[in-house]
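Report on the structure given below.
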Amino acid sequence: IAKLVGGAGGYGTITSSAADGSLTFKFISDATQSPNNEGGWAATISCNPPPCISPTITPAGPISICAGKSVLLKTITGTSYTYQWKKSGVIIPGATSSTNLVSASGVYSVTISNGKGCTVLSQGVTVTVNAFPLATITPAGPFTFCSGKSVLLKAKTGAGYTYQWKKSGINITGATSANYTATASGAYTVVVTNAVGCSTTSLASNVVVNSLPVAAITTAGPLTVCSGKSVVLRAKTGVGYTYQWKKSGVNIPGATNANDTVKISGVYTVTITNAVGCTQTSPPVTVAVNPLPNATVTPTGALTFCTGKSVLLRAYPGAGYSFQWKKSGTNIPGETSANYLAKLAGVYTVIVTNASGCSVTSAPYTVVVNPLPVGTVTVVGSQTFCAGKSVQLKAYAGTGYRYQWKKSGVNLTSDTLATYIATTSGVYSVVVSNALGCSVTSAATTVVVNPLPVVSITPGGPISITQGGNVQLKASTGTGYSYQWKKNGNNLAGQTSANYIATTTGSYSVMITNANLCQATSNAVQVTVNPGPSNTALLKSMPSTDSLLPGEFIKLFPNPLKQGEELNIEWKLFNAKNGIEVIISDITGRKIETRWLKPADKKINIKGANGIYVVEFKWGNNQRRIFQVYRN
């Protein structure tokens, strides 16, 4: 609104302007009237001498901007116009165009000159440059970590701040808090906007989430084994992997290989660390190591012994144990009890298996069976002989052999030679020992030493007799005795009775043979025949020789004959088929009995007192045989 001065007075309004600076006003004559009153008038007013300039500043955008941004301030343009921009009244060097790109806070104005000497200063335009929020990310931990873990990213906080987190430049939906927990690899930024809408994007924080190693355990065999055996646990392998094996969650010192050989019961895991330091623990594997049985063997005697002996090997008899005995590594069929009686040389072991199926082989036991010496005895001569004789017993003579002769199981003192002369009855053996200390007792050798008959002569009267007389010599008697009378050391033919009637001078003895054919000769009895009469007719009539033919015989027994006994007769005579005549006389020649014996008759009875009897047999063609028979 302009007031017209120097005239009637009134007020006017600029209704238009021209490029040259002239203005058109419409005035009214009365200030109270409306500017639109038809009663007003218009007039064009021009600056003089230059045209008038009315500069304005038009921002090409918001004049409240964020640091780092700018706003273009534009003013009017005209021919020959020159410009000078100012900030807070201070010329901005070089800012002489119709536009000014402003990036700092301040009150901006422009002075415009039109070249005609007219200079106008525009009104000021206030540009506010707001500071950006501080957009930094502070991690609560390392940016590089392992899968399954995270890092807390903390943005700088400020009053009125808002946030938008981004991963690789893409908004993370819902991530609008001051903090963000990153669990995946990526380049993380945060856009921080303050209360005036200025936003700052932080520098990218590169989060690297390393993958975990594959932690698994495989086994090379069963997980249940016996003590002394092992289980090989194999971890998954990978480039750069390192390992730590654990038992019941506790590190096993030194167990840092991909495989672990386990010999103890327990729950095993492996923690695998890859090249970037990420670890993963495997699922647990339970290993059961069952105890071994007790495989001790106790010999009940010496392991070295002689053939024919043995040693009892006793294995420990545990509950549920089973056994298999071996000799020189080969199973002994059927030997499955806790004890084994070893009789042969060899290396013995036993496999003991417990109820868990765990087996252990005992320590070897070497059994040495030394050979026995040869324990044979050779008898040099007859084992049965008569008293006064002997037999030689010879043991086998081996190198280093020692001997102990025994009789009826009792040692014969000092009889330690390979030979022994046995002179008495008994059961003889010899214990033969070799250099290895093995002994064997020979088979028994029975030596029978038959006693000699008891030999004596008892005269039946004086041994000094008169010519024609006699004396009965009685030999000692015994069961099974047979006799041979001798005169002057010579056998008396046919004189084989227990008694002998001596009628002539001489030295008489008797050789007695007992049932065992042992013989002994008595001491001699000297019979002396003194001159004098004597009845010897009968004896003289007896032939001096027998009438027996070869192959014939007559035997009388017993002789001597005891009272009440019958005289047995055995005969074989070729010319006596019908029988034989028997004439019995006493020592004086008196006939006592004559009888005929048929071939079936084998016995006769001699009647009369004890004494000497003459028994004459006749047969055939004047054939005969005479015997003296003694009865006592």
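The values are calculated or read from the model by the stated rules, or taken from the named source; none is laboratory data. Since the structure is predicted, the reported quantities are computational estimates derived from the model, not experimental observations. Counting neighbours? That spans all protein chains shown, and the Cβs are built from the backbone with ideal geometry, glycine included. When the accessible area is computed, the model is the full protein with side chains, heavy atoms only, and any ligands, DNA or RNA have been set aside. Shrake-Rupley method; radii C 1.70, N 1.55, O 1.52, S 1.80 Å.
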Please report how far the C-alpha centroid of region 222-300 lies from that of region 353-424, rounded to the nearest whole angstrom.
63 Å
Placing each pseudo-label 7 Å from Cα in the direction of the beta carbon, THR138 and SER359 end up separated by a distance in nanometres of 7.2 nm
Which pairs in the list LYS389/LYS572; LYS474/LYS572; LYS236/LYS263 are over 28 Å apart, alpha-carbon to alpha-carbon?
LYS389/LYS572; LYS474/LYS572
May I ask you to evaluate 6.51 cos²θ - 1.76 cosθ + 1.60, the Karplus curve with θ = phi - 60°, for each residue of region 96-113 and list the ³J(HN,Hα) values in order in whole Hz, giving x for glycine and proline?
10, 9, 6, 10, 9, 8, 9, 10, 10, 5, x, 9, 9, 9, 9, 9, 10, 10
In whole percent, and with a 1.4 Å probe on the protein chains, what portion of the accessible area of the chain is carbon and sulfur?
54 percent
Given R₀ = 22 Å, what would the calculated FRET efficiency be for ASN488 paired with ILE463, taking r from the Cβ atoms and rounding to 0.05?
0.90
Below 8 Å, C-alpha to C-alpha, sequence gap of six or more: please give me the relative contact order for the chain in percent.
5 percent
Measuring from its Cα centre, the chain shows a charge dipole (+1 at each Lys and Arg Cβ, -1 at each Asp and Glu Cβ) which, in debye to the nearest 20, is 1680 debye
Can you flag which of LYS69/LYS156; LYS486/LYS562; LYS562/LYS618; LYS406/LYS486 are past 31 Å Cα-Cα?
LYS406/LYS486
List the residues of region 90-126 whose backbone N lies under 13 Å from a point placed 7 Å from the Cα of THR79 along the Cα-to-Cβ direction.
115-116
For the chain, with +1 on Lys and Arg beta carbons and -1 on Asp and Glu, the positive-most of GLN123, GLN84, GLY409 along the dipole:
GLY409
Charge-dipole axis of the chain as Lys and Arg at +1 and Asp and Glu at -1 on Cβ define it, positive-most pick from ALA387, ALA444, GLY186:
ALA387
Could you size up the charge dipole of region 65-170 around its Cα centre, putting +1 on the beta carbon of Lys and Arg and -1 on that of Asp and Glu, and report it in debye to the nearest 20?
300 debye
Can you find, among PHE323, GLY426, SER456, the residue sitting farthest towards the positive end of the charge dipole of the chain, where Lys and Arg contribute +1 and Asp and Glu -1 at Cβ?
SER456
At the level of C-alpha centres, the distance separating region 71-120 and region 134-206, in angstrom, is 43 Å
With label points set 7 Å from each Cα along the Cα-to-Cβ direction at ASN610 and THR157, the distance between them in nm comes to 16.0 nm
Checked against the structure, the computed mean projected area of the Cα convex hull in nm² among (i) 74.5; (ii) 36.3; (iii) 29.6 is the one labelled (i)
Stick to Cα atoms and the Kirkwood definition of Rh, then tell me Rg/Rh for region 245-336.
1.31
From the Cα gyration tensor of region 58-163, with a ≥ b ≥ c the square roots of its eigenvalues, which class applies: rounded if a/c is under 1.5, or else prolate if a/b is larger than b/c, or else oblate?
prolate
With +1 on the Cβ of every Lys and Arg and -1 on the Cβ of every Asp and Glu, and nothing else charged, how large is the dipole of region 207-314 about its Cα centre, in debye rounded to the nearest 20?
300 debye
Accessible area per residue, 1.4 Å probe, Å², for region 221-357: what's the number?
53 Å²
Efficiency by 1/(1 + (r/R0)^6): what FRET value for ALA444 and GLN519, r their Cβ-Cβ distance, R0 = 41 Å, to the nearest 0.05?
0.90
